[in-house]
1. Within the stretch B:164-197, which residues are surrounded by 21 or more Cβ atoms within 10 Å (Cβ to Cβ), out of contact with any Pro (no Cβ under 9 Å at 6 or more places or on another chain) and farther than 22 Å from C:Leu418 by Cα?
2. Please indicate, with yes or no, whether at least one residue in the stretch B:112-124 is more than 19 Å from B:Ile18 (Cα to Cα), aliphatic (A, V, I, L, M), touching a Leu at 6+ places or on another chain (Cβ under 6 Å) and not in a helix (DSSP H, G or I).
3. Which of the residues spanning the stretch A:93-110 are more than 7 Å from chain C (Cβ to nearest Cβ) and surrounded by fewer than 18 Cβ atoms within 10 Å (Cβ to Cβ)?
4. From (1) away from every other protein chain (no Cβ under 11 Å); (2) without any contact (Cβ under 8 Å) to a residue 60 or more places away in the chain; (3) under 27 Å from A:Arg124 (Cβ atoms), pick out the condition that doesn't hold for C:Ile171.
5. Among the residues in the stretch B:189-196, are any under 26 Å from B:Met339 (Cα atoms) and either in a helix (DSSP H, G or I) or not acidic (Asp, Glu) (or both)?
6. Taking the stretch C:179-206 on its own, how many of its residues are more than 9 Å from every other protein chain (Cβ to nearest Cβ), within 28 Å of C:Phe226 (Cα to Cα) and of a type in the set (A, V, I, L, M)?
7. Considering the stretch B:118-152 alone, what residues qualify as being away from chain C (no Cβ under 11 Å) and touching a Cys at 6+ places or on another chain (Cβ under 7 Å)?
8. Just to check your reading of the model, which residue among C:Val217, C:Val308 is modelled with pLDDT of 90 or more, surrounded by fewer than 24 Cβ atoms within 10 Å (Cβ to Cβ) and more than 23 Å from C:Trp400 (Cβ to Cβ)?
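The values are calculated or read from the model by the stated rules, or taken from the named source; none is laboratory data. Since the model is a prediction, treat every value here as computed from it, not as a measurement. Glycine gets a Cβ as well: all are built from the backbone with ideal geometry, and neighbour counts include every protein chain shown.
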Amino acid sequence: MLDYIISKYNFWMYIVLMMIGLYAMVGKRNFVKKLIGMNIFQSAIILFYVSTGVKAGATVPILSGHGHGHEVIEVAKYLNPLPHVLMLTAIVVSIATTGVALAILILIYRRYNTLEEDEILKIRKDAGV
Amino acid sequence: MDVVYSSRPLWAVLVSMIAAFLILATGEKNRNLRESWTIIAGLAKFLIVFSMVPVIMQGKVIEYTLITFYPGLLLQFRIDAFGMMFGLIASSLWIATSFYSIGYVRALNEHAQTRYFFAFAMCLTSTIGIAFSANLLTFLVFYEMLTVATYPLVIHKESREAIIAGRKYFAYTLTAGCVLLFAIAMVYYQAGTLDFKAGGFLAGSGSDGLLIFLFVLLICGFGVKAGIMPLHEWLPTAMIAPTPVSALLHAVAVVTAGVFGCLRVILYVFGPVLLHDLGIWLIMAYIISFTVVGAGFLAVGQDHLKRRLAFSTINNLAMIILGAILLTRSSMTGGIIHMANHAFMKITLFFCAGAIHVKAHKDYVSQLDGLGRQMPLTFGAFAIGAIGLSGIPPVNGFISKWYLCLGTFEANQIIFLLVFLTSSTLDIVFFFPVIYKGFFKKPLDDVTPHFDEAPMMMVIPLTITALLSIIFGIAPDAFVRFFSITTLAVQNILGIG
Amino acid sequence: MAEQFAALIIVVPLICSFLVPVIGWWKKKLCYPWVVAVLVIPVIAALGVLNAVMTTGKFSYRLGGWAPPWGIEYALDYLSAFVLLIVSVISLIVAIHSKKSVEEELPEKTVPFYTLYLLLVTGLLGIVITGDVFNLFVFLEISSLSCYGLIAIGEEGAPIAAFNYVILGTIGACFYLLGIGYLYIATGSLNMADLSGILPNLYHSKVILVAFAFFTVGIMIKGALFPLHIWMPDAYSTAPSSVSALIAPLMTKVAAYVMIRIMFTIFQPHFSVEIVPVMPILGWLAVFAIFVGGIKALAQTDIKRMLVYILVAEVGYIVIGVSVANQIGLTGAILHIMNDAAMMACMFLVVGAVFYKTGTRNIYEMHYLNKKMPFTMAAFTITALSFCGIPPTCGFFSKWYLILGTIDAGQWVYAAALLGSSLINAVLFFRVIECAYFKPMQPAYANDGGETHLEIQRDEAPLSMLVPIIIMAAGVILLGLFSGNIISSIIQFAVPASF
């Protein structure tokens, strides 16, 4: 059992990270903490993708030997680059999301002077919304 | 059966819809022009419908397909004898109602007249659509349109009471619409078709239990508008509407559409043979009998004239359905012809109630003492209608009752004869006091002692419908050949000749 | 030619959205005509694509010339071409309508508004057109990000609603992304067509099951299916009028489209129905969605919030059609994607116009609106009837097919939910209609005279609002009358053949 966990430790880590992120997003009452939780959540998924592309002892899939096509390509020696490439896009998306979220937070802060959800709710309640 | 393809059914339906939009466009600015649209459309509609009678009498049907949705699922008009019957009733009475409405709303200086005439025209569009629909889907489409088009009329007064009446009307009819939608979807799923067929098409397309379930659903769905007890509650409440609307609701369009739907289900979806096999007809007949008698008793207790008429309507509609569900030749003839006869008599009675309201501002039976001397024409017409509904010759109600009673013998169910007779007795009990009070009681102080009738626009239509009731009593086949058409419809259903 | 159309659908709005700030910097007033002109192109292109699909069958466009399954492919079949047309037409009509309400509600933010508007449309069109699961994720995020921004510029509570939407929307997108990851581990492919060929051999693998679960939950969040709809009412009701009019009809519909794609294209119906017990779960959630949406809507006095809760119920309709998993139910679901998009768009446009003219969204403050804005209210009434399922409006026909589907599947509770929802909708809308048409402002109308009512001046919405509203209202009726043609020429081919 322990072997099983250790042999796949990177996947376990991703699950732990994801749960931490999820908890922060749902359980925390501060908007910035929620946002950080969201970032952890996204990073966990990136970690997951990257681990799927890793192989022990393999290298980047760039052909050496000047490409004469004579030598046999051993698949086991090379990494699958696609998950990593996909994650470039996912990172861009996650940064954009963070940016938008931060902009919204600035908007909220300007309006209410706080980023605590409870306080904002109280302010809005007092204002009769 | 020969089929004639023609676009005339479509025009019969469309003409009033076009008129409705012309009415809306003309608006309050030019009242005479607006009203003339109504009249023109009414006449045109009647003429178009009437022009198709000879074709129907040759035993042919007229068909027009509007839109095909799916194999076996179309928006289609098909005029058979039974549909023709309803079409004739509705389109002929619309003319009378139009004239009467104009007199009524002008005499009372009603508000929102444009909306009123618009909704009226839309009602008639849907009614003729119902009459001419070839299948249950088309029927449902126009049936729901009728529900919506009637709503502005029911709450015309815009008072709190009227709005609540409107809500009640919607609560009943829209729920019924949902039940129907489900039932019709089930029928389609089981039978793969929805086309009305004289004698029914559902035989063998499901287990007995399922078919009985469907029958109950369909009858409940249509029964709401037909006022079958205990689904009738909306009808007396809707009496808050202006009187021409009540006349339309009760005699021309809405409730008759409900009855028409019930008859279509009984005779054209299930058919006499299947209903006999299922054995459900007798149970249904007992339930309907309860409505016939119960509504009669309830009517006796009403002091409000229009409410009394409303319960009389429930009573008569139930008789029509009872005639159909007895499933014999005479009872069906009686039921179908009673649709026409009842419509003419009941519209007369409502017109009278409206004339009394406009002229004397009286709504209650107890206030009518001596009013007959002031308004002899109105009360005379009322007397004719009342005599007819009680089944006394020579008014047309006698003919329907005669056939209905014959039907009970044919069906070997003498108990229903008792139902019909009780109902006629009750008719006398609740109508004759009105006549008696009007003509023979000492006038109340506010009654003008000399002749002082309601506006002619109202008196003439009600006189005409009263006279027609007598004429149809003496010569049932006069003018529009109601009797021949009925006979033809019954022959088709029973598969004779 | 048709293949170029497929590329144009995405490329034109994408590039033109980046030109909006440039144009706005030069002349602010030109933004509106520019956006409208740009949005005409996807409509034409979508028509071209649909025509090509109908004449020559489905085809695909290889982005950059790379062959699938390695390159990204735009897959055009009946379903995607049909939904593309819906999305492009509605976004064009809403854009035409937006002129006055944007000027009124967001006077200083017209330029960013139109930039984001085009980006959002690009994202939605991209989700529909793409044949690559990862590319779908990217477009999903493009549309979501622009949506967050658009919502945040709304009224008082909008930023908070938008932030909550960001959080939940990201969870949804991440779940979807995880689903892709698991699928990729198992199959090594991202192309939908390729996946559907590989997957049947792996149907009993746990990895595939997990992927499917992640997909379903992710799309449920994006599509606001009960109980994951909680972000939606706040976000959609606080957004500016034009924004709600765009996202309310389209976002949920596109998510429903993705759901159909995943369940019946990537996975075969055989898997989604028999191997995973997901259909009953979805169906029952949809039933709850319909009732909870309806009941919550009853509690609202703000008409926009009411509509959003109705939207929750409408999503339930589509999901019921998907979950009965038969030919006719799915026909109903796809038909309802179109019909509900039209109905919702029309409703939100009407609400936008009313808000623009009267400044109120409270349904009890709409007295005599039929005299002030007769055409707008006529459109409202027609659409309301459609929501109540009154024929011959389009709402009736989608209900008809959905109910036939539930009968076919023997799911009586679903049928009852669909019917009950019509009645709830009737109550909801007739509350408004009663107020707008019949409620007297004066004490009760006196029977003996007609003078008691006030003279109300007509004060109709400007033409730029009225024309789109009337087009949509006419559409609600015409789509109903011609639903037969639409089904027989498009939708019946859009339903997966394996049913």
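1. If the condition is that a residue be surrounded by 21 or more Cβ atoms within 10 Å (Cβ to Cβ), out of contact with any Pro (no Cβ under 9 Å at 6 or more places or on another chain) and farther than 22 Å from C:Leu418 by Cα, then B:Ala165, B:Phe196 are the ones that fit.
2. First, pick out the residues of the stretch B:112-124 that are more than 19 Å from B:Ile18 (Cα to Cα): B:112.
Okay, now just the ones that are also aliphatic (A, V, I, L, M), so B:112.
Narrowing the set further to residues that are touching a Leu at 6+ places or on another chain (Cβ under 6 Å) leaves none.
So far as the stretch B:112-124 goes, no, none of its residues is more than 19 Å from B:Ile18 (Cα to Cα), aliphatic (A, V, I, L, M), touching a Leu at 6+ places or on another chain (Cβ under 6 Å) and not in a helix (DSSP H, G or I).
3. A:Ile95, A:Thr98, A:Gly99, A:Leu102, A:Ala103, A:Ile106, A:Tyr109, A:Arg110
4. Only one criterion is unmet by C:Ile171, namely (1).
5. Residues of the stretch B:189-196 under 26 Å from B:Met339 (Cα atoms): B:194-196.
Still in the running and either in a helix (DSSP H, G or I) or not acidic (Asp, Glu) (or both): B:194, B:196.
So far as the stretch B:189-196 goes, yes, one or more of its residues are under 26 Å from B:Met339 (Cα atoms) and either in a helix (DSSP H, G or I) or not acidic (Asp, Glu) (or both).
6. Looking only at that region, the number is 2.
7. B:Thr150
8. Numbers: C:Val308 fails: surrounded by fewer than 24 Cβ atoms within 10 Å (Cβ to Cβ).
From the options C:Val217, C:Val308, the qualifying one is C:Val217.
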